[in-house]
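Heads up, the thing below is written out as structure tokens.
Laboratory data are not the source of any read-out in this text; all were calculated from the coordinates shown. All values derive from a computational prediction rather than experimental measurement. Note that we place each Cβ from the backbone using ideal geometry, even for glycine, and neighbour counts take in every protein chain shown.
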Amino acid sequence: KGSILYKVMRMTKRMISFLVALALTVCVISSFAEGTVNMSAYRTYLETGEYPSLCDQWQDEFKIGVALSSFQLAGAKFAGIVAKNFSSITCENEMKADSILDQTASVRAGDPLHAKLHFYGADKVLDFASKNGIQVRAHTLVWHSQTPRWFFAEGYSTKSDAALVDRETMIARMENYIKDEMEHFNTKYPGVIYAWDVVNEAIDPGNCDENGYRKESLWYQVVGPDYIELAFTFARKYAAPGQKLFYNDYSTTDMAKKVYIVKLLRNLKAKGVIDGMGMQTHISVTSPSAMDIMTAIRDYTDTGVTVHITEMDISSEDPTPYGQMLLATRYRSVMNTLKFVKEKSGCDVESVTVWGLLDSQTWLTNSSRTCYPLLFDSKMNPKPAFFGMLLDDSIPKTGKDEDIQKAIDELGLESKEEKFRNFDDSISEENEVVVDEVE
Ligand code: 9MR
């Protein structure tokens, strides 16, 4: 028993049991970690390239929408991403007055009360939506911007000093324009449009009358302050049953603006001509706070209307893993806030639309800055922000430095250059083709 051989054998036996125990522990821990891995759609994506559908994930809570243009849908990959991930579409520009009003045809027809319309771009988008079972938010009927001056001028004249028509003529033009547009889409694509932005950005506390109405609007100047109510009244008259009518605006959490908007919503609601408030939600990573968003939603829904988040994007000029993970936490936090306010406060929030699909095609980028605010990069890969919108486990709940860095490390994002760091300005080959075709 005391021999050296016996001691060696005993030590070897202990060593073997220790190693077996160690191996077992490692197995248990890694199988637990494996379980966690499966809970992260982002981790799965980084390993396999597969990711779940955003709108399926949210189908019990919100319609999930995206703003786009018909030329983008001509690309098969782009169209595939939209069909898979979105249950609502908004035309980023092609349903605005400057895309719909036809000056040449209006002059030719010569009816001072009835301008002519065309629907080239919008029809392509509505074709795609109806074929893919996606509903559309129609944006926008009456707006001070992107409405040509000639629509307000005598003889539909494009001369910059052409005389403007009188109030009664403009009211007739407004009614005919709303009627023709609604009838066109509702006849050609029945059931596709579920919401109309009837009036857009009519409140401007910076330069307004006693109701907060923006004075720098030809609608205001030619028709008068009741143009908003008139627009809603005509829209109600010609809308299809079930279609919801919205007032839509930006900076909707700002106190000054909110006070005016709430007053407007109450008035229109009392007349039975409005159903919803569109909160555009062009926000930053830090502001407004979740509390301000929640309070605004309560203030608006308290007037008896539903809320749509209509144009969400979160500006970020930081394409690094850090900047993009921070952005993802903000998307996560906003979605969580919306879920909370709907489930716990019973506020009626029906849909959430992001204002664009690809970072390479965002209105936030201009000659003086490049932004990376959306859910997909220029190569059409989903970004951390996409997984933030999914409330994915891999995206931190807060933007604390250490949490962000931990998430980046755990996902190995610094080393996954190929998959992650595609936030350059070059557009994908497929999109190049699409742009060429359009030109
Ligand atoms: O994203 C739109 C951009 O392509 C247009 O050039 C711009 C013109 O006004 O409009 C942008 O969309 C706006 C939307 O229609 C209303 N809210 C603000 C949006 C961003 O400017």
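Observations
- Qualifying GluC sites (Glu not before Pro) in region 39-77, DSSP loop, other Cβ atoms within 10 Å at most 11: GLU50
- Going by neighbour counts of Cβ atoms within 10 Å, the residues ASP127, ASP60 line up, fewest first, as ASP60, ASP127.
- Here region 251-376 is assigned +1 on the Cβ of each Lys and Arg and -1 on the Cβ of each Asp and Glu. Its dipole about the Cα centre then comes out at about 400 debye.
- Spin-label pair SER368-GLU50: with each label point 7 Å from Cα along the Cα-Cβ axis, the two points sit 4.7 nm from one another.
- If both residues of a DSSP beta bridge must be in the chain, then about 15% of such bridges are antiparallel.
- Cross-link partners of LYS7 among lysines (Cα-Cα below 26 Å; sequence separation of 8 or more within a chain): none
- Other-chain or far-sequence residues with amide H under 5 Å of SER40's (modelled H): none
- Rounded to the nearest 10 degrees, the inclination of helix 227-238 to the longest alpha-carbon principal axis of the chain is 80 degrees.
- Axis of helix 255-270 versus longest Cα principal axis of the chain: the two differ by about 60°, to the nearest ten degrees.
- Most simply put, region 121-274 has about 20% antiparallel DSSP beta bridges, counting only bridges with both residues inside it.
- Tilt relative to the chain, helix 290-301 - C-alpha long axis, 0 to 90 degrees, to 10: 40
- Region 204-241: trypsin sites (Lys or Arg not before Pro) in DSSP coil with no more than 16 other Cβ atoms inside 10 Å: LYS215
- Length added when fully stretched, SER3-TYR238, from 0.36 nm per residue minus Cα-Cα: 74.4 nm
- Dipole check for the chain: with +1 at the C-beta of Lys and Arg, -1 at the C-beta of Asp and Glu, and the Cα centre as origin, the magnitude is about 1880 Debye.
- Centroid-to-centroid, using Cα positions, region 107-152 and region 313-352 are 31 Å apart.
- Taken about its Cα centre, region 148-223 carries a charge dipole of roughly 200 debye when the Cβ of each Lys and Arg holds +1 and the Cβ of each Asp and Glu holds -1.
- Long pairs among LYS63/LYS400; LYS131/LYS397; LYS124/LYS215; LYS263/LYS397; LYS339/LYS383, criterion Cα-Cα beyond 27 Å: LYS63/LYS400; LYS131/LYS397; LYS124/LYS215; LYS263/LYS397
- Ranking SER217, ASN207, TYR6 by how far each Cα lies toward the positive end of the dipole of the chain (charges on Cβ) leaves TYR6 at the top.
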